[in-house]
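What follows is a single structure, written as structure tokens, with notes after it.
The values are calculated or read from the model by the stated rules, or taken from the named source; none is laboratory data. Since we're looking at a predicted model, the values are computed, not measured. All Cβ positions, glycine included, derive from the backbone under ideal geometry; neighbour counts span all protein chains shown.
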Amino acid sequence: MTRDWKEIAEEKREAILCAIPSEWKISSPPAEEVEDITGPYIEQYLSPKEIEITNTDAVGIVEKAKSGAWSAVEITKAFCHRAALAHQLTNCLHEIFFDAALKDAEALDALYAEGRATSALHGLPISLKDQFHVKDVETSMGYVGWIGSRLFRLERMV
């Protein structure tokens, strides 16, 4: 029996929300009431350090990471937190894999502790558009009809 697309979409929305850590959840996001969720509005949910990190440009982030002023984990958590808040207010994410990002950040911090940076962009977090196949992450490009399709799930990196 074919499932209703609305049911599939609702399950996907719930799965994404479930991937957000409970400490980052907004009890009742008032997105409809707020015209601009950037700046002071979203920052009310962030710590001063998270605001500083997420408002710093890429060059500044890399400088802070390479100097050891900020750890890759601190940087990644700040951006993941801000992304989780933005999603709750605007439904902007197709997938969430914060755990994988934090695991990678921990590995970067371990390398830094050994005196090694991995690249010129050491510690700089990135996000990917849902058009790139990432191992163990479904690619649907936001199309409900593609959710769960093996055609759009990369089983291993090629």
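Going residue by residue through segment 136-147, is there one that turns out to be surrounded by 13 or more Cβ atoms within 10 Å (Cβ to Cβ) and at pLDDT 80 or above?
Looking through segment 136-147, none of the residues is surrounded by 13 or more Cβ atoms within 10 Å (Cβ to Cβ) and at pLDDT 80 or above.
Conditions first: (1) more than 18 Å from Glu50 (Cα to Cα); (2) modelled with pLDDT of 90 or more. Gln131 passes all but one, so which condition is the exception?
Condition (2) is where Gln131 drops out.
Output the residues belonging to segment 19-34 that are surrounded by fewer than 12 Cβ atoms within 10 Å (Cβ to Cβ) and at pLDDT 90 or above.
Ser22, Glu23
Go through the residues of segment 77-92 one by one and say whether even a single one is in contact (Cβ under 8 Å) with a residue 60 or more places away in the chain and outside any helix (DSSP H, G or I).
Taking every residue of segment 77-92 in turn, at least one turns out to be in contact (Cβ under 8 Å) with a residue 60 or more places away in the chain and outside any helix (DSSP H, G or I).
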